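The values are calculated or read from the model by the stated rules, or taken from the named source; none is laboratory data. These numbers come from a predicted model, not from an experiment. Using ideal geometry, Cβ is built from the backbone for each residue, glycine included, and neighbour counts are taken over all protein chains shown. SASA here: full protein model, heavy atoms, side chains in, ligands and nucleic acids out. Shrake-Rupley method; radii C 1.70, N 1.55, O 1.52, S 1.80 Å.
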Amino acid sequence: MGIIAKQAGLTAVIGFVSSFFTRASAGEYGVYTLVAAQAAYVEIVAMCLVVNLRYMLMSAALSQKIAPGTSWFHRILMACCVTDEIFGVSIAHPGYCPPAYTYSAALISTLFWASGCTAGIIAGGMLPANIVAALSVALYGMFLAIIMPPARDDRHVLYAVMASFVLSGACYVAPVVSNWSSGTRTIVLTIVISAVAAWLKPVKTEDAHGRA
């Protein structure tokens with residue numbers, strides 16, 4: 001990401017600040033690409049909204065992990081912290097997820113994310129192409145590390161993950177659907193797959209008296 005920012009003309013300081021407050025890999029990649037193309041501000045904002053719409057779904061899911069007495073202030077801050085990785089570790093927290101848990105994970109990951117972007121800007125184009133390609137693949141490895149443990153423990157989650165892989169690949173080449181943005185495809189697939197999974201295998205919850 002830092003190398004892309006360098007190519008767009010960003011300095012190390014600007015890259016750190018923009019990366020610290022953006023944090024979304026796909027959105028940040030799109031921002032730097034549009035900056036390099038000298039796009040208008042409205043185009044950059046619209047692109048970020050479309051690409052990052054999936055965070056609305058993640059925030060809705062995470063809201064179910066927040067204790068009922070949590071203030072709106074903490075709820076809003078937790079929503080601002082949501083990224084793919086922060087959502088993954090927060091949703092995996094046993095029971096209700098304390099705001100401090102999400103804040104701590106977000107602060108640590110954001111500092112390293114922004115510092116990594118800065119290091120990439122400083123390094124510029126000095127790294128060989130094969131090293132850059134390897135680093136880009138590492139991001140997907142991090143996503144796999146989030147979804148594989150629950151998929152290993154619950155075969156129904158595994159089926160949902162496998163369905164997401166197959167349907168995502170099919171939508172990438174299917175007529176009409178392939179013309180949608182990646183963010184739109186992700187949202188539609190997430191809603192459809194999760195709805196079908198919830199219908200076929202609903203998660204049983206207990207009330208205050210321990211009744212299912």
Pair list, Cβ < 7 Å and 6+ apart or interchain, from segment 186-212 residues that are farther than 21 Å from R155 by Cβ and at pLDDT below 80 to residues that are open to solvent by 80 Å² or more (accessible area, probe 1.4 Å) and aliphatic (A, V, I, L, M)
E206/A212
Select, from A100, A106, A67, the only residue that is surrounded by 15 or more Cβ atoms within 10 Å (Cβ to Cβ), small (G, A, S) and either touching a strand residue (DSSP E or B) at 6+ places or on another chain (Cβ under 9 Å) or modelled with pLDDT of 90 or more (or both).
A106
Which helices (runs of 4 or more DSSP H) sit wholly inside segment 1-67 and have at least 3 residues that are of a type in the set (A, V, I, L, M) and closer than 21 Å to I108 by Cα?
12-22
